[in-house]
Amino acid sequence: MSPLDRIANVSILKQHEVDKLYKVENKPAVSSSEQLCFLVRPRIKNMRYVASLVNADKLAGRTRKYKVIFSPQKFHACEMVLEEEGVYGDVSCDEWAFSLLPLDVDLLSMELPEFFRDYFLEGDQRWINTVAQALHLLSTLYGPFPNCYGIGRCAKMSYELWRTLEEEEDGETKGRRPEIGHIFLLDRDVDFVTALCSQVVYEGLVDDTFRIKCGSVDFGPEVTSSDRSLKVLLNAEDKVFNEIRNEHFSNVFGFLSQKARNLQAQYDRRRGMDIKQMKNFVSQELKGLKQEHRLLSVHIGACESIMKKKTKQDFQELIKTEHALLEGFNIRESTSYIEEHIDRQVSPIESLRLMCLLSITENGLIPKDYRSLKTQYLQSYGPEHLLTFSNLRRAGLLTEQAPGDTLTAVESKVSKLVTDKAAGKITDAFSSLAKRSNFRAISKKLNLIPRVDGEYDLKVPRDMAYVFSGAYVPLSCRVIEQVLERRSWQGLDEVLRLLNCSELAFTDMTKEDKASSESLRLILVVFLGGCTFSEISALRFLGREKGYRFIFLTTAVTNSARLMEAMSEVKA
Amino acid sequence: MDCYTANWNPLGDSAFYRKYELYSMDWDLKEELRDCLVAAAPYGGPIALLRNPWRKEKAASVRPVLEIYSASGLPLASLLWKSGPVVSLGWSAEEELLCVQEDGGVLVYGLHGDFRRHFSMGNEVLQNRVLDARIFHTEFGSGVAILTGAHRFTLSANVSDLKLRRMPEVPGLQGAPTCWTALCQDRVAHILLAVGPDLYLLDQSACSAVTPFGLAPGVSSFLQMAVSFTYRHLALFTDTGYIWMGTASLKEKLCEFNCNIRAPPKQMVWCSRPRSKERAVVVAWERRLMVVGDAPESIQFVLDEDSYLVPELDGVRIFSRSTHEFLHEVPVASEEIFKIASMAPGALLLEAQKEYEKESQKADEYLREIQELGQLTQAVQQCIEAAGHEHRPDMQKSLLRAASFGKCFLDRFPPDSFVRMCQDLRVLNAIRDYHIGIPLTYSQYKQLTIQVLLDRLVLRRLYPLAIQICEYLRLPEVQGVSRILAHWACYKVQQKDVSDEDVARAINQKLGDTPGVSYSDIAARAYGCGRTELAIKLLEYEPRSGEQVPLLLKMKRSKLALSKAIESGDTDLVFTVLLHLKNELNRGDFFMTLRNQPMALSLYRQFCKHQELETLKDLYNQDDNHQELGSFHIRASYAAEERIEGRVAALQTAADAFYKAKNEFAAKATEDQMRLLRLQRRLEDELGGRFLDLSLHDTVTTLILGGHNKRAEQLARDFRIPDKRLWWLKLTALADLEDWEELEKFSKSKKSPIGYLPFVEICMKQHNKYEAKKYASRVGPEQKVKALLLVGDVAQAADVAIEHRNEAELSLVLSHCTGATDGATADKIQRARAQAQKK
């Protein structure tokens, strides 16, 4: 499902005399229509496609009307390309400032999966403005945010830009009562670890297995146990789903079978009914029961399918390795596990993910492993991944352990010598090398690995770690928890230093007298670069425990595979 | 009080007209008004005089002087007229002076005599010269109508959007019409002209003869015509001294009058109030002024001096050398209150208040009288309304005092009308002041609106007063103070004698961070005046970087624009500047500029990646960024290039770059890739099939699957494939082939580096339990249980686990015990466990 489907599906578009829908790709659109309308993200690639289409028409001597609608905004560069390709005069351009798509009662998505690669890999800041605009929109709708916190370079820039927007257009939000008490902005690169872990909460698992797109999932024949696949909207309105989405997968089956029994019992009630009761039952309850029945069977099908897939890949082994990496023991064993994973060509994306996880948790790979794993990987999955590795290194996802602390030392010396600006540049240049993840130290400091006496009871979770089977509290969520508790970054200096974010964390509090206690329970968490369903589940849990209500705004819902794919270079 | 109505003159039974002085003029006129071209703008606007017009032949060498005065006679501008002879002057609705020259050229001047622009009324006018011209106002703006020497009319209904229209010819017209006027009806401009006893109406397409309804007989010529302010009414003065007054369509007669003066009047204008039933025109001769209406008698005034009439919305202004007066119909509210022996509630209230001030009990009597009639509300309203129409502040005050007094006895009288009137009067009194000289009446002020009034104050450069008014009326800053300050600043930047620093500082001090003020607009103005440095200084104050950039680009300060754009965080803006720079600078300078701006650089790289690959390479080259250069060539080796040689060459370049970047790993990997490519090519040639672009692993697998075991082994050796991988690879491939014999041979070739559990797993995957069992026996002790479970031998697995006394293994086996078949085994394990615990 695409964002467009969520807003105006095919039948609505047809009602408005849209003849046919095409995907924007490098293929000629065979259409006899007199008008073509392109709804595109402002990307140069798309512009070239549009241009080639228009030029092909010109060659064939056809005249059509072309309209290019840029969403969420028009970029000068795109118009430039149209101009360079000589079609600027033939098309008319427009802008559709659409930035927020509500996927669920507590989830807003900007549906910008490219944000991650653009910003964190290419250093392209184009979307920051879009984020600022979206925040501005929210503040015009819900009043000013009395408490703002953020961490990360992008968060800081977005925040500053947003502030400028507010200042320029003040008067609108001034004097309004705030409806949302807190906003927290977080860069994805503050916590890559969480995003790289295998998800075991139901919603996350469904995403990892079937890919949830725009809040909807396509269940194939193996789930529906028929020959057709089924599109299912996954949100709070699906009552069955709503009850299991945040559950650890091990509980889901039990829950579903219990549910099935209850449902059966409700069906069974009709046995002793007289005509009147039966009429009532049929007219009022039956539809609901049938609906529930249908949903139940879908989710049971999904669970079975997940089980099958996961056991096949020796999921338990995988999870065990991940936990070992998170906790930092048996590194050698884990490394050979990864090596075997690569040798067996299990999955290029999975192998890459494990390598990254190993690198981040260990502050980079030791040079020997760095080389051998990469060699193995290239041999298994193709030499073009040399570029992928270069990307991962630049993003700080897969790095080589620096011998000692030499680089950071050089860096600090340099920054003392030259001006800040130049130092910033040098830091940028070194960032991939110097940016140490320090995961182990952070983990200790923030107590991310819960100490468990005996079995962790996944049915009755004690903390957010339940989303990873009790082995690990998501770093991002822990940071949010800590800051909300303190209402500032105070006392987290050491953590910030370890996160390389000393300069990049901010708190902005205004007087709270106008904010109602109701609004202060509401927290908008903004993930720049995407968030996972596990993080959402963890924060929902935190909300229940502490009496908060979280609302999520993300550039896109992501997971480990999407992150890795964004970093991969595939042959054109 | 007795004399208050002394200047009231009754016209008929129902209306009074009064004339009062606005200003005593102290302009130092050297000439008589009659010797000048005169134009006075409505709504208390300025007066323009052009002395020494050309119709007098004397002293042609002396250049005439164009002078502009405020309504109170304060000089605003004076300039020597250097252009051609002027036929007519007039003011546009924006208070710009239009000077129509004989040749049809129209020069436009500002209030302060600053030349604005000029336009021409067309060739036809140029050839035939202008005989007469009128400036008239329409709902679109101001129009110009021209009567040419050929007795044809040309007009434009809106001078700011000039469209010339040549009106149709009047058939049989020999001489100039005796009188004519421009009419505006149904949003279309017409011309009405009189030729002898005939009247013609010219519209766009046709000329039609018209006859006023009910016109008295015996008229042989029309001497003067007057259109009312709103174009609704028309008055005609005939050579018999008869005046016809009716609607502008001429289809209805309102009234007529015979004044028995046959001399053509100098001026004739309407004098009526909006929403009043009374209609009257004021006719002026050399020494006589007459107000005529629907009454047998007229009101007559003697004019001591040469005077000039200015029609207004609600009356007529009359100015002469020494005075400036206003003549109008007394408004109803005033009439009710001040009429002698009036018993109107307002009159009583005014009386009551006066008695109250005198501490007389009569106050109570009057008040009771009003209250008994239940007319107190009406009385208060009357007093408020009448106050608005009074010119003298003392009268305004006494009426407002009365209103306020009356309000005390009312329970719920909404205060707005009173408050609003007090505010309005304060504003009106301020602008009527001699120094400002805008004698607006209350009705005119309401019609004009405060926004336009502020504009006019700004136009007169009366910034402080305008700001005071805004603050006093508490207008929103964006509409009020900020707008005025912005105008002031734009005026300020034009002061060329003040240094850039001083101007910039002065402007910033005044404007500060006032919302709604755009520094970039002011800067643009400064740039327009040729003060680039000042513009840059002003832009520094602009808080929105996005606003700074376009102007900086326009001023060719591209580098500054670039850093501002980067500051703004708006990538699109940065990009706009980049493209500008790219065209402006030579390549080397452009790259150098980029080098200092990492954000711009990465943006440009993005663009190049898709659009200009060669430039991207140059960029990397310039920065000695060999790593990226290497990646660039690798990417190139995959793009489009089909020929293997080309690809290998690209890879070679990449490898070289990687060496330079000291990235030996990448260099080696690239070299391996080159080798592999060549080899794959050879394989394709020799064996057929598809090998190109497979990974090494897949290449070897393909070879094994194709039965080329030797080649596969050779390849593995050449590329130093580790043993573990090779074993996995072979194992999988052979199992896929289901070549169990070969597999067994392979398994026995030497000790497996990956153990034998994988053999079991893979065989089971191919559902070959028989083969799997073979290998299960060879699995090492640690994995034995697992292997046995894999082949489904639960019982034996249990035995091994018990033997190992390994708790984890025991539970693993137990979890595999299903149903009745494994019941015995399960028991066995339980027993073993129990035993273990005992120990």
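Only the coordinates and a few stated rules stand behind these numbers; no lab work does. Because the structure is a prediction, the values reported are computed rather than measured. Note: ideal-geometry Cβ built from the backbone for every residue, glycine included; neighbour counts use all protein chains shown.
A few comments on the model shown:
- Shape analysis of region B:71-188 based on the Cα gyration tensor places the equivalent ellipsoid semi-axes at 25, 17, 13 Å, largest first.
- Taking the C-alpha atoms of region B:353-494, convex hull volume expressed per residue in Å³: 112 Å³
- Under the combined filter of DSSP loop state and at most 14 neighbouring Cβ atoms within 10 Å, region A:282-383 retains none of its trypsin sites (Lys or Arg not before Pro).
- The protein assembly as shown: antiparallel DSSP beta bridges as a percent of all, rounded to 5: 80 percent
- Cα pair distances exceeding 23 angstrom across region B:340-584, given as percent: 63 percent
- Packing here is the average count of other Cβ atoms within 10 Å per residue, and on that basis the peptides B:441-447, B:366-372, A:5-11, B:568-574, highest first, run B:568-574, B:441-447, B:366-372, A:5-11.
- Shape category assigned to chain B from the gyration tensor of Cα positions, a/c cut at 1.5: prolate
- Legend: residue pairs A:K20/A:K65; A:K45/B:K609; B:K582/B:K609; A:K309/B:K730, Cα-Cα distance threshold 19 Å; pairs beyond threshold, A:K309/B:K730.
- With both residues required to sit in chain A, DSSP beta bridges show an antiparallel share near 30%.
- Mean partner shielding of peptide A:72-79, defined as the number of other chain Cβ atoms within 10 Å of each residue Cβ, is 4.
- Binning all Cα-Cα separations of chain A at 20 Å, short to long from zero, yields these whole-percent fractions: 18, 50, 29, 3, 0.
- Using the rule -39500 (n - 2.57) for each DSSP H run of four or more residues, divided by the residues of the protein assembly as shown, the 222 nm mean residue ellipticity is -14500 deg cm²/dmol.
- For the peptide A:338-348, the mean number of other protein chain Cβ atoms found within 10 angstrom of a residue's Cβ is 4.
- Contact order relative to length of region B:457-516, as percent, for alpha carbon pairs under 8 angstrom and 6 or more apart: 35 percent
- Listed pairs A:K231/B:K765; A:K308/B:K748; A:K67/B:K559; A:K320/A:K444; B:K358/B:K397 exceeding 27 Å between Cα atoms: A:K231/B:K765; A:K308/B:K748; A:K67/B:K559
- Taking 7 Å steps out from each Cα toward its Cβ at A:L230 and B:L79 produces label points 8.4 nm apart.
- Within 10 Å of each Cβ in B:563-572, the average number of Cβ atoms from other chains: 4
- Cross-link reach list, lysines versus B:K30, counting only Cα pairs under 19 Å and skipping chain neighbours closer than eight places: B:K56, B:K58
- Annotation: amide H-H contacts under 5 Å for B:Y17 (H modelled 1.01 Å from N, sequence separation of 5 or more, or interchain): B:N9, B:L11, B:V330.
- Dividing the mean sequence gap of close Cα pairs (under 8 Å, 6+ apart) by how many residues chain A holds gives a relative contact order of 21 percent.
- Here the translational diffusion coefficient of region A:1-95 follows from Stokes-Einstein with Rh set to the Kirkwood radius across Cα pairs; for 10 °C and 1.306 mPa s it amounts to 115 µm²/s.
- Residues B:T449, B:T576, B:T178, ranked from the fewest to the most other C-beta atoms within 10 Å, line up as B:T449, B:T178, B:T576.
- Proximal lysines to A:K279, defined as alpha-carbon separation beneath 17 angstrom and excluding residues fewer than eight positions away on the same chain: A:K287, A:K290
- Proximal lysines relative to B:K496, as straight alpha-carbon distance under 16 Å, when same-chain residues fewer than 8 apart are discounted: B:K537
- Compactness of region A:202-309 was expressed as the Cα radius of gyration divided by 2.2 N^0.38 Å, which yields 1.18.
- Counting all C-alpha pairs of region B:505-551, share separated by more than 12 Å (%): 56 percent
- Cβ-Cβ FRET estimate between A:R521 and B:E365, R0 fixed at 60 Å, reported to 0.05: 0.30
- Taken along the Cα-to-beta-carbon direction at a fixed 7 Å, the label points for B:N508 and B:E124 span 5.8 nm.
- Residue-span extension gain [A:E160 to A:E83] - 0.36 nm each, minus C-alpha spacing: 24.4 nm
- Convex hull volume of region B:780-838 per residue (C-alpha atoms, cubic angstrom): 63 Å³
- Sequence ranges B:273-280, B:763-770, A:275-282, ranked by mean other-Cβ count within 10 angstrom, highest first: B:273-280, B:763-770, A:275-282
- Contact order relative to length of region B:340-584, as percent, for alpha carbon pairs under 8 angstrom and 6 or more apart: 9 percent
- Estimated translational diffusion coefficient (Stokes-Einstein, Kirkwood radius over Cα pairs, 4 °C, 1.567 mPa s) of the protein assembly as shown: 32 µm² per second.
- Pair B:D203, B:Q495: separation of 7 Å Cα→Cβ label points (nm): 5.4 nm
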